[in-house]
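Asker: Once you've had a glance at the structure underneath, I'll fire off some questions.
The values are calculated or read from the model by the stated rules, or taken from the named source; none is laboratory data. Every value quoted in this text rests on a predicted model; they were computed, and no experiment measured them. No Cβ is skipped: glycine too gets one built from the backbone with ideal geometry, and neighbour counts run over all protein chains shown.
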Amino acid sequence: MKKFIIGTIVTVLLLTIAIGVQQGLLFAKPLPYDDEQKGLDTQITIHLSHVVAENTPKGQAASKFAELVEEKTNGEVKVHVYPNSSLFNDENEFQALQDGQVEMIIPTFSKMTSYIPNWQVLDLPYLFNTDDEVQEVLTGSIGEQLLKELKPFHIKGLGFWHNGFKHLTSVDHPIHTFEDLKGLRVRTMPSIALEKQFEVVGATPIPTPFSEVFTDLESNTIDAQENTASNIYSKGFYKVQKHMTLTKHGILGYTVLMNEKFWKSLPLKIQKQIMEAMKETTDWQFEQAVEINKEDLQKLEQQNNFEIYTMSNKERQRFKEKLAPVYDFYRNNVQNNDVLSEIEKIVSP
C-alpha cells in the first residue's frame, strides 16, 4: 500500500511537470519589453484648466503649449487641457490652483485684481493703442515685475497672454457715444477699475462669470457686455445681441499660473523646458490673437441682424476724457503707481 501511494504521488508530479512544460508555464521566457510603456511610471501629468472655447486665442495657445511641452520634454511631461470651464470656472479656479486640485490655470488678469490690486493698471481704459505696445509691456520687465507680486500666494507666474482689444455689444440700441451707456446693466469681469469705468458713464456694472454671460444676455439679465471679437464670435454672443461698437477701450489678457508647490517639485531640467515652451507659445500667441480677432470680426460682419458700428475718433476721445476719473481712482487707491508711469513711457500719446 505504501509503495502504491508513493507511486501515485510520483506519477501525479510527473504529469504536472509534463503539462507545465507543454503549456509553457515552466521555464517560460520573460515577456518582451514594450517600448510604449517606457516612462509611464515616471511621466509627469499637468492638468490645465481654462474657461474659454478651444478656437479662441487663449484656447489655441493652451493647446500649443501642451504640444510644445510634450515635444521639449520628449514625452516626460503631458499637459491635459480642459477648456470651456469643464473643470473649473473663473470663480473657483484660483482657489482650486492654490489647493492643488489643478496644476495650471489661465485666468484673466482682471480676475486677479481682487488679489493683486496693482494689476488694475492693465484694466485702465484707453491705456494702450496698439497690440505691439501690449506685447512690449506684458512680455518685458513690467510683466516680470507684475508676476513677482504672485509670490505671497504661493503661485508661480509663467507669463502673460493677449486676447486683443475689447469692444461693446448691446441688445436694444447701438452705442454711438458714451451717453448711450447710461442706465444700461453691463456685464464686467470682477475688477474695481472695470466697474468704475461703467459707473462713470452712468451704467450699472454687473460682475458675472464668463460661463454665464450668454445666458444672462439671452434672459435680459444684462443689457450689454465688453469683449474681444474672438470671444463674441466663439461664444455666440452675437446671437443674443443686436449691436456691436468697435471702441478698443481696453484690453483683455491672461496670466498663465502654476501651483508653486508643484512647480518646485519638478526637476530643474523640466522647469527649463516648460519655460522654453512658454516663451515660444507666448511669441506665437500674440501673433495668433491679432489674426484670430481679425478673422472673427469679419465673420461677425457677415451675420444677419447684427450691426457693427465703428466709434469715430472724436467720440473715442470724448469717451477717453470722460473716463479720466478711473485713472484718478487708481492713483489714489493703489500703492504702487510706478508701473503706470513705466507703461506711459512706452505707449504712444
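Asker: What is the residue count in the range 143-182 for residues that are assigned to a helix (DSSP H, G or I) and acidic (Asp, Glu)?
Answerer: Of the residues in that region, 3 qualify.
Asker: Another one. Which of the residues belonging to the range 214-241 are aliphatic (A, V, I, L, M) and surrounded by fewer than 21 Cβ atoms within 10 Å (Cβ to Cβ)?
Answerer: VAL240
Asker: If a residue must be at pLDDT below 95 and either assigned to a loop (DSSP other than H, G, I, E, B) or on the phi > 0 side of the Ramachandran plot (or both), how many such residues does the range 113-129 contain?
Answerer: Counting residues in the range 113-129 that are at pLDDT below 95 and either assigned to a loop (DSSP other than H, G, I, E, B) or on the phi > 0 side of the Ramachandran plot (or both) gives 3.
Asker: Right, another one. Can you tell me which residue in the range 82-101 is nearest to TYR254 (Cα to Cα), limited to those that are in contact with a strand residue (DSSP E or B) (Cβ under 6 Å, 6 or more places away or on another chain) and surrounded by fewer than 20 Cβ atoms within 10 Å (Cβ to Cβ)?
Answerer: Ranking the candidates gives TYR82 first.
Asker: Here is a list: VAL21, VAL79, VAL10, VAL52. Which entry is out of contact with any Ser or Thr (no Cβ under 6 Å at 6 or more places or on another chain), buried (at least 17 other Cβ atoms within 10 Å of the Cβ) and at pLDDT below 90?
Answerer: After applying the criteria, what remains is VAL52.
Asker: I'd like the full set of residues that are within 16 Å of the chain's Cα centre (by Cα), over 30 Å from VAL171 (Cα atoms) and aromatic (Phe, Trp, Tyr), limited to the range 245-284.
Answerer: Listed by number, the list holds a single entry, TRP284.
Asker: I would also like to ask the following. Taking only the range 57-102 into account, find how many residues are in a loop (DSSP other than H, G, I, E, B) and polar (S, T, N, Q).
Answerer: 8
Asker: Okay, next question. Using beta carbons and a limit of 7 Å, which pairs, at least six apart or on different chains, have the first residue in the range 288-299 and over 14 Å from LYS58 (Cβ atoms) and the second one part of a helix (DSSP H, G or I) and hydrophobic (A, V, I, L, M, F, W, C)?
Answerer: Note: pairs meeting the criteria are LEU297/ALA229.
Asker: Starting from residues that are of a type in the set (A, V, I, L, M), part of a helix (DSSP H, G or I) and modelled with pLDDT under 95, keep the ones in the range 321-342 and report whichever is farthest from LYS148 (Cα to Cα).
Answerer: Among residues in the range 321-342 that are of a type in the set (A, V, I, L, M), part of a helix (DSSP H, G or I) and modelled with pLDDT under 95, the one farthest from LYS148 (Cα to Cα) is LEU340.
Asker: Keeping to the range 177-202, report how many residues are within 17 Å of LYS320 (Cβ to Cβ) and buried (at least 22 other Cβ atoms within 10 Å of the Cβ).
Answerer: Residues meeting the conditions: 7.
Asker: Being surrounded by fewer than 20 Cβ atoms within 10 Å (Cβ to Cβ), in contact with a strand residue (DSSP E or B) (Cβ under 9 Å, 6 or more places away or on another chain), among the acidic types (Asp, Glu) and within 24 Å of LEU97 (Cβ to Cβ) narrows it down to one of GLU260, GLU307, so name that one.
Answerer: GLU260
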